[in-house]
């Protein structure tokens, strides 16, 4: 397939395919396609065993991701897989795939979550020397901005923050940015119970050092007051500034063979942030996405986990005297779960924090 794409290909995917394979023709490679809700999601070389390898990257389905990967990986090893449609994408020299394959072989391409507008792409490749690389690429303005945000964080802080990698390379051209990284070893963390201790250990290395600061001195405090006027009574609360991941959730955590937990996807990372909110995010998202809790049950379930000794001890190290406070700050600052008509009662949560 060259510049001519089938009518049923979503517009966003057409832009990405042209960015990956270019508009001309040079040669062909057979790529197997997986779809969901009418969107292209995963492309993998058919001769490499269907989608089994590509699905190791896939976490866009979040709670159901493991089952989805397992089913497709099993199918890809069966004769039935050959009955599914495959397409030949012609890779022209100006396409990203051709340029990357000058140094190795692209094994799989993962498209972004179809509910997201910026439609980024992740590629998995093996270099000529056998090194594994992960490449995040963007071909639309919003996607490029997202990739650039992550590239800047890695360029400025990679190697200085525990677990934050340095980029191998950042490829920038008109209408395209690609961030090249070493593949992070490990398998997806399957549950909060499986990864909680390792996640807390990782977060413990992200304190910025130096003296604690009053809550009122953080940049987000005016925004916090706008949603929660009662936060003024905690303005002098002393907190230890920390590096923040920004989307510290199960689908962005990997567990290595030695049990250590590593994070991926640093698009929203930032320094000198309120401490402990990454941990709140991890617990809250697990309660909402995996256990499907909502409303008061979501708040109560999250607080139950935050009160566990191992979690409460970490939050106290951050400077929070009780878990209701970081949860209230998180809800007011970051999470749209609390703003919808069926979301938890934010006023109730703030009252719990003030009690």
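Where a number appears in this text, it was derived from the coordinates with a stated rule and is not lab data. Remember, it's a predicted structure, so these values are computed and weren't measured experimentally.
Could you tell me whether the range 187-354 comes out rounded, prolate or oblate from its Cα gyration tensor? Rule is a ≥ b ≥ c as square roots of the eigenvalues, rounded for a/c under 1.5, then prolate if a/b exceeds b/c, otherwise oblate. Taking the square roots of the gyration eigenvalues as a ≥ b ≥ c, the range 187-354 is oblate. Rounded to the nearest 10 degrees, the inclination of helix 295-306 to the longest alpha-carbon principal axis of the chain is 80 degrees. Taking the C-alpha atoms only, the angle from helix 141-157 to the longest principal axis of the chain is near 60 degrees.
Which of the three applies to the range 98-180, rounded, prolate or oblate, going by the alpha-carbon gyration tensor with a ≥ b ≥ c and a/c under 1.5 meaning rounded? Judged from the Cα gyration tensor, the range 98-180 comes out oblate (a/c at least 1.5, b/c at or above a/b). Dividing the summed helix terms, -39500 (n - 2.57) for each DSSP H run of n ≥ 4, by the number of residues in the chain produces a 222 nm estimate of -9500 deg cm²/dmol to the nearest 500. Can you give me the angle between helix 309-318 and the longest principal axis of the chain, using Cα atoms only, in degrees from 0 to 90, rounded to the nearest 10? On a 0 to 90 degree scale, this one is about 80. Contact order for the chain, expressed relative to its length and based on alpha carbon pairs under 8 Å spaced 6+ residues apart, stands at 12 percent.
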